[in-house]
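The values are calculated or read from the model by the stated rules, or taken from the named source; none is laboratory data. Just so it is clear, the model here is predicted, and its values are computed rather than measured. Cβ coordinates were reconstructed from backbone atoms using ideal geometry, including for glycine residues, and neighbour counts include every protein chain displayed.
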Amino acid sequence: MFLRSKSINILVRYGCFGLALLWYMGSAGAVTQGTESETKKANCKNYEIVSLGQQQRNLKLKCGYFGAMWHSNAGSHYKWCYASPLESSKNVLADEQIKLRKEMLASCAKKESVKTICKRYARAVVTAIKQNRKRRCGDVQRHTAWSASYSTQLKFCAGISGKKVSTWNWVAQQLFYHR
């Protein structure tokens, strides 16, 4: 009711200019929403292309990574990205996943040790837990996997597996599928 009387007041006071102003105010939200949608589509198309390239590198290097992050289904990558929220016109989750896959591929190419992988994991998890608390995403489980202690995370990761591939797949699941 308030909006309606305000609209009438603008029309009476400003005539055609008021009509144009009301039209602009009404369309501004649609323009912003359309721009956000286009931004998301472009971001997700890029995510899809990068993800497929990273999977090709995974296969070429014979790293053995598998699961929801590692496949050649372009549509699935795009849909996952599109379902993720935008923050300041960026898809933070998609960017994090690209970064993690890049690190995993670099690790595979360098033949890094589980210790090195777990150091990277511990840093990433502690950062994610701090972000979770900062954003007040809910009370995290009182479990070793959700400890904000770097040394606890390092020990936890090292105890998971002595094999690089299974450790990295476990790390990926912790970072992206149990948020």
- Query: What pairs come up if the first residue lies in the stretch 34-52 and is over 14 Å from N73 (Cα atoms) and charged (D, E, K, R), the second is crowded, with 19+ Cβ neighbours inside 10 Å and at pLDDT below 95, and their beta carbons are under 8 Å apart, counting only those six or more places apart or on different chains?
  - Reply: K40/N91
- Message: Of all residues being in a loop (DSSP other than H, G, I, E, B) and either at pLDDT below 75 or hydrophobic (A, V, I, L, M, F, W, C) (or both) in the stretch 142-156, which is nearest to R123 (Cα to Cα)? Just the residue, please.
- Response: A148
- Item | Residues within the stretch 157-179 that are exposed (fewer than 14 other Cβ atoms within 10 Å of the Cβ) and either closer than 16 Å to Q97 by Cα or modelled with pLDDT of 75 or more (or both), tallied | 4
- Message: Considering only residues that are of a type in the set (S, T, Y), more than 25 Å from K60 (Cβ to Cβ) and not in a loop (DSSP other than H, G, I, E, B), which ones fall in the stretch 74-125?
- Response: Y82
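Let's see how each residue does on (1) of a type outside the set (V, I, T); (2) out of contact with any Ser or Thr (no Cβ under 7 Å at 6 or more places or on another chain); (3) surrounded by fewer than 18 Cβ atoms within 10 Å (Cβ to Cβ); (4) over 17 Å from S37 (Cα atoms):
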| position | (1), (2), (3), (4) |
| --- | --- |
| F66 | yes, yes, yes, yes |
| C81 | yes, yes, no, no |
| A94 | yes, no, no, no |
| R101 | yes, yes, no, yes |
| L105 | yes, yes, no, yes |
| S113 | yes, yes, yes, yes |
- Task: Just one of (1) surrounded by fewer than 17 Cβ atoms within 10 Å (Cβ to Cβ); (2) in contact with a helix residue (DSSP H, G or I) (Cβ under 8 Å, 6 or more places away or on another chain) trips up T127, so point out which.
- Result: (2)
- Filter the stretch 58-97 for residues that are at pLDDT 85 or above and among the acidic types (D, E); the one that is nearest to K41 (Cα to Cα) is D95
